[in-house]
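Encoded as structure tokens, the structure appears first; notes follow it.
Every number here is computed from the coordinates shown, using simple stated rules; none is lab data. Everything quoted here is computed from the prediction, not taken from an experiment. Note that we place each Cβ from the backbone using ideal geometry, even for glycine, and neighbour counts take in every protein chain shown.
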Amino acid sequence: WLAPESGREGCLAPTRPPPTAGTSPSAPTTPASSPCPPAPLCELLQSPLFAECHALIPPDPFVSSCVSDGCQADDPRAPCRSLEAYAALCRARGVCSDWRNATNGLCDVTCPPDKVYRPCGPAQPASCDSRSPSGGGKGLAEGCFCPDGLTLFNTHTDVCVRACACVGPDGFPKSPGERWVSNCQACLCHEGSMSVRCAPVPCEPQERPPQCGRAGFVTETRPLANNSCCLETLCVCNTTTCPQSPPRCRPGEELIRTQKEGDCCPTFICRPLLCYYNQTAFGIGATFPSLTPCHTCTCLPGDSQGPTVRCEEDTCNTTCSPGSEYRKVDGQCCGECVQTACPTEDGQLVQPSETWVNSLVDNCTEYRCQVRNGLHVLITRATPCANMSSCQGILRKTGCCFSCEEVDQCQVHVNRTILTHQGCATQAPVNVTFCGGSCPGLSKYSTEAQAMERQCTCCRETEAHEEVVTLRCPDGTAVRRTYTHVDKCSCAPACVHSP
């Protein structure tokens, strides 16, 4: 049997050839024994679902094919092919059977969300292109159809619509009043006539076309980024319009090409040739340390091959200033001058811890050579001087300090007093003489002795005699006693106690 519209969805060729058209229907025969039990789906072929078709098309060949498919294939859906083939032949004879609902979902047909499954629908459903099936489109077909109340828009889009409206440029339906843009035409689906009406998309004129003044920039008209239907004129870079002849550089220079951000054409400049050493560029005449220890390199102008690098061993300067001496330093190519003494203003060298007096200034201030933070420096040392605040004589400058020279006022003084001895006393005051007054004295610092030198004199008697006096005692007796009467005083170089 030949099933019409076998190419439509759900139509499959039978796995076993059906009886030829010239063979008369025969009585049902018992299927040949199979090596495996028949699949439950195969029993549907002989069930009441296809009872109306049994008289038209014998199901036995399809049952055998169904059993064979179920035994040879691992897919439980394999028997569906025999059922689909038998149902298609029955549908061609005008017999419709809703057999898929009896397969427990094994042979279901999945339809798009906007379509519904129908076991027997029109072979050519009505559409907006053709509101009724054409004369050659009679017949039944299994498949997915538009639900009741909806119409197929056209066979191109396969979309279901409630009402036939306008056709868009892509073949899909457009609702009444819907607007769209196609090929820079603003289109509208007119509600009354259901016709498409289009007009060119309006474009706003460009306010001021750009003036391209920089090198390499030319005007170009292109569609807008947000509206390809409208055009705008822009300044765009076209490197073919850039100057093609770079400048010629003088000897000792090289041509450098740079491209600044925002520029279209490159910029060429002539730059002095450089020496490259240890991945570093140096200008001609520059000096830099060599990779070889104790060597210094120089960038020299070369010949046509460009500048060259020449490296030579370092020459050490061993001449040091007075008070310093040249010493080698471990790990360095050249040594350094190390200070060993303190140079003075008058050209002398003072060794550490030694002192020096500046004779050019006051011949008084003393300096000591000391080491501070690794440097030899002269530190001022103040000369100690005696305190002269109590001096009652004459202050005289001697060296760095002042000395006190007392005025000679040594002389005999008289003191009238009553003499007493063991309770006995004179009846009247007696003239008792003594030496009193200041004598010359000197105290100064000696730089040679580095100590204070003192010259002292004191006021003492030089002439005296004994005097006899009478003392009256409490018991009425009288006692004669003697005392020393000073006659003359003077300043003596040493002061000693009288015995």
task: State to the nearest 20 debye the size of the charge dipole of the chain about its Cα centre, where the only charges are +1 on K and R beta carbons and -1 on D and E beta carbons.
output: 720 debye
task: Output ³J(HN,Hα) for the stretch 144-158: one whole-Hz value per residue in order, computed from phi by the Karplus curve 6.51 cos²θ - 1.76 cosθ + 1.60 with θ = phi - 60°, and x for Gly and Pro.
output: 9, 10, 5, x, 4, x, 10, 10, 5, 5, 6, 6, 6, 8, 6
field: Taking N as its residue count, the alpha carbon Rg of the stretch 192-288 over 2.2 N^0.38 Å
entry: 2.03
message: What FRET efficiency comes out for Cys473 versus Gln409 if R0 is 51 angstrom and r is the Cβ-Cβ distance? Round to the nearest 0.05.
response: 0.80
field: Cα-based helix-to-principal-axis angle, 60-72 vs the chain, degrees rounded to 10
entry: 20 degrees
- prompt: Tell me, what HN-Hα J-couplings in whole Hz come from the Karplus equation 6.51 cos²θ - 1.76 cosθ + 1.60 at θ = phi - 60° for each residue of the stretch 305-317, using x for Gly and Pro?
  reply: 7, x, x, 10, 10, 10, 10, 10, 5, 5, 9, 8, 8
- request: Mind listing the long-range amide H neighbours of Ala286? Cut-off is under 5 Å, sequence gap 5 or more, other chains count too, H placed in the peptide plane at 1.01 Å from N.
  value: Cys299
- request: Could you order peptides 355-364, 181-190, 160-169 by the average number of other Cβ atoms within 10 Å of their residues, highest first?
  value: 160-169, 181-190, 355-364
message: Give the aspartates and glutamates whose C-alpha is closer than 15 Å to that of Lys397, dropping any in the same chain fewer than 8 places away, or say none.
response: Asp362, Glu405, Glu406, Glu453
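Treating only the Cβ of Lys, Arg, Asp and Glu as charged (+1, +1, -1, -1), what charge dipole size does the stretch 71-113 show about its Cα centre? Round to the nearest 20 debye.
With Lys and Arg at +1 and Asp and Glu at -1, about 200 debye.
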Signed unit charges on C-beta, dipole axis of the chain, positive-most listed residue Val329, Gly171, Cys107: Gly171
query: Tell me, what is the FRET efficiency for Glu313 and Glu207 to the nearest 0.05, using R0 = 45 angstrom and their Cβ-Cβ distance as r?
result: 0.05
Extension reserve of the Leu56-Leu395 stretch, reckoned as 0.36 nm per residue once the Cα distance is removed: 105.7 nm
- line: Expected vector for the stretch 159-174, Karplus 3J(HN,Hα) from phi with 6.51, -1.76, 1.60 and θ = phi - 60°, integer Hz, x for Gly and Pro, equals 10, 8, 10, 7, 9, 6, 10, 6, 9, x, x, 8, x, 8, x, 10
field: Electrostatic dipole magnitude of the stretch 399-492 [Cβ: Lys, Arg +1; Asp, Glu -1; Cα centre; debye, to 20]
entry: 380 debye
message: Can you sort Asp170, Asp148 from fewest to most other Cβ atoms within 10 Å of each residue's own Cβ?
response: Asp148, Asp170
message: Going by Cα centres, the stretch 184-224 and the stretch 298-360 are how many Å apart?
response: 82 Å
message: Of Gly143, Cys242, Pro40, which is farthest towards the positive pole of the chain's charge dipole, taken about the Cα centre with +1 and -1 on the beta-carbons of Lys, Arg and Asp, Glu respectively?
response: Gly143
Among Thr292, Pro119, Ile394 - extreme Cα towards positive end, dipole of the chain, charges at beta-carbon: Pro119
query: For the chain, what does -39500 (n - 2.57) per DSSP helix run (n ≥ 4), summed and divided by total residues, give at 222 nm, in deg cm²/dmol to the nearest 500?
result: -2000 deg cm²/dmol
